[in-house]
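Step one of this worksheet: look at the structure below.
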Amino acid sequence: MPTITRRPLRAGLTVAAVTGLALLGTATAALACHSDDTRANPVGANVTTCAGAHLPGTLVKQEDAATVFTFTGGTSKDKYLNITKVADGVTVEAIVVKGGDGYNVYEPGKRDLATTPPWEKLRSPLNGGGQQATISHWFACIGKTTQPTETTQPTKPAETPTTQPTETSSVPTTSQAAPTEAPASTSAVVAAPAGNETGGTGGQLANTGFDNAWLIYIAAALLVVGGGLLALLKFRRSTN
C-alpha cells in the first residue's frame, strides 16, 4: 500500500489556504464597496483603462477629456464630476469614476442615467467608513465617432444681369440729302427715211435741223446717169 509523504501534502494545503484567503479578501472588498448613487455600478478595485474595467469603446483619459467633454469638477480635490456636453458625433459607452476603495461605472441609458447629458454629480463609491470619497481619477469609454451630416444649402438661381437702357441723344440728327444732279437730257436724233423728210405716214418724227441736201444731189445724179444709160440703150437698138 503506497504511503503519502507529509511534505507534498503540507505544500498543497498551504497553497490552497493562501488562495482561499486571497479570494476571501477580494470578496470582502467587493461586498464592502457600495455607492449611494443608484445610477452607478460600484466595483471594489482599482482600474485605469476600459479593457481593465471590461468595458467596450476607446479610452479617453482625464487629461484628454476636454477634447470630448464640457465638464466641471472631477479633480482630486472634488467629490463630484459634472458633464454638461459631449462633442458632436461622439457616442459615450461608459464613464468610470475612481476613488476610495473602488470605482463607479456610469453607462448612459442604463440604471436611470440619461442617454444624453447633462450628467451631474457623478461620484466614486463610499469609502470603508461610509463617507463619500474624493475622486482620485476618472476616464471615459467612447464608441465610434460619426461625423455630423451637413445640411445641403439650396442652390441660389443665377442672377440675370439687368440690361441698362441705352441713352438716346436728345439732339436729332439732321440728314442732309446730297443734291441729286439731273442727268443731262440727250436728244436722240432719228434720221427720217428718204422721201419722208417733210411728213408722210411713216409715223417717224419730222427731221428738224439736220442737213441732208447731199442725199438729194446723189439721187439726182443717179437719175441723170440712169436716164443716160436708158437713152443709150434705146439709141443702139434703133441703130441695129
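Values quoted throughout were computed directly from the atomic coordinates according to the rules given, and no laboratory measurement underlies them. Please read these numbers as outputs of a predicted model, since none were measured by experiment. Note: ideal-geometry Cβ built from the backbone for every residue, glycine included; neighbour counts use all protein chains shown.
Which of the residues that make up region 43-52 are hydrophobic (A, V, I, L, M, F, W, C) and either touching a His at 6+ places or on another chain (Cβ under 7 Å) or within 12 Å of W138 (Cα to Cα) (or both)?
If the condition is that a residue be hydrophobic (A, V, I, L, M, F, W, C) and either touching a His at 6+ places or on another chain (Cβ under 7 Å) or within 12 Å of W138 (Cα to Cα) (or both), then V47, C50 are the ones that fit.
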Query raised in the report: Is at least one residue of region 94-104 assigned to a loop (DSSP other than H, G, I, E, B) and either among the hydrophobic types (A, V, I, L, M, F, W, C) or surrounded by fewer than 19 Cβ atoms within 10 Å (Cβ to Cβ) (or both)?
Result: no
